[in-house]
1. Over the heavy atoms of Val91, what accessible area does a 1.4 Å probe trace out, to the nearest 10 Å²?
2. By DSSP, what percent of the beta bridges with both residues in the chain are antiparallel, rounded to the nearest 5?
3. Suppose every Lys and Arg Cβ carries +1 and every Asp and Glu Cβ carries -1, with no other charges. What dipole size does the chain come out with about its Cα centre, to the nearest 20 debye?
4. When only C-alpha pairs under 8 Å and at least 6 residues apart count, what is the relative contact order of the chain, in percent?
5. Divide the volume of the convex hull of the Cα atoms of the chain by its number of residues and quote the answer in cubic angstrom per residue.
6. Can you give me the distance in nm between label points at Tyr27 and Ala131, each placed 7 Å from the Cα along the Cα-to-Cβ direction?
7. Once you charge only the Cβ atoms, +1 for Lys and Arg and -1 for Asp and Glu, what is the size of the charge dipole of the stretch 1-78 about its Cα centre, to the nearest 20 debye?
8. Using a 1.4 Å probe, how large is the accessible area of Arg130, given in Å² and rounded to the nearest 10?
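The values are calculated or read from the model by the stated rules, or taken from the named source; none is laboratory data. Everything numeric in this text was worked out from a predicted model, so none of it was measured. So basically every Cβ, Gly included, is an ideal-geometry build from the backbone, and we count neighbours across all protein chains shown. Calculation scope for accessible area: heavy atoms of the full protein, side chains included, ligands and nucleic acids excluded. Shrake-Rupley method; radii C 1.70, N 1.55, O 1.52, S 1.80 Å.
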Amino acid sequence: MPRYQVTKTFEFAYGHRLLNHNGKCRYLHGHNGMVEVDIEAEKLDEMGMVVDFGDINEVVKKWVDENLDHRMLLCRADPMVAVMAQNSEPVFVMEENPTAENIAALVWAAAEKAGLHVTEVRLWETATSRASYRGPAWND
């Protein structure tokens, strides 16, 4: 069956570090990241759209801005969580290591919870490195 798809892209800045990493990502560092969100539909709405790009902004961009942008993303097990909290620094605590893959899944979950038919989220950590997450909608 034919499908329609739209993609919305957002940029945001964040910091993180990866626990148990043997390379330089074990240190606190930051990225100017970009997230791409794909939304699909089998048919277009009465306006001829999959979804209005403004509606995606209202959901995804708002969530990213409020939760991830200019924050340190840390795993709950990271000792830096307490240090950041003691110094009133903005932190987003994740259950998993804040890898690009896990951040993509986090954005996917927020969009899906808001009712968007998200098929894939891609997180560009740098201009040459990205990770993707495809949720259950991918197989619909």
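1. Looks like 40 Å² after rounding.
2. Around 75 percent of the beta bridges assigned by DSSP in the chain are antiparallel ones.
3. So the dipole magnitude of the chain works out to roughly 620 debye.
4. 26
5. Enclosed volume per residue, from the Cα hull, is 116 Å³.
6. Calculated label separation equals 2.1 nm.
7. Dipole of the stretch 1-78, to the nearest 20 debye: 700 debye.
8. Result for Arg130: roughly 120 Å² accessible.
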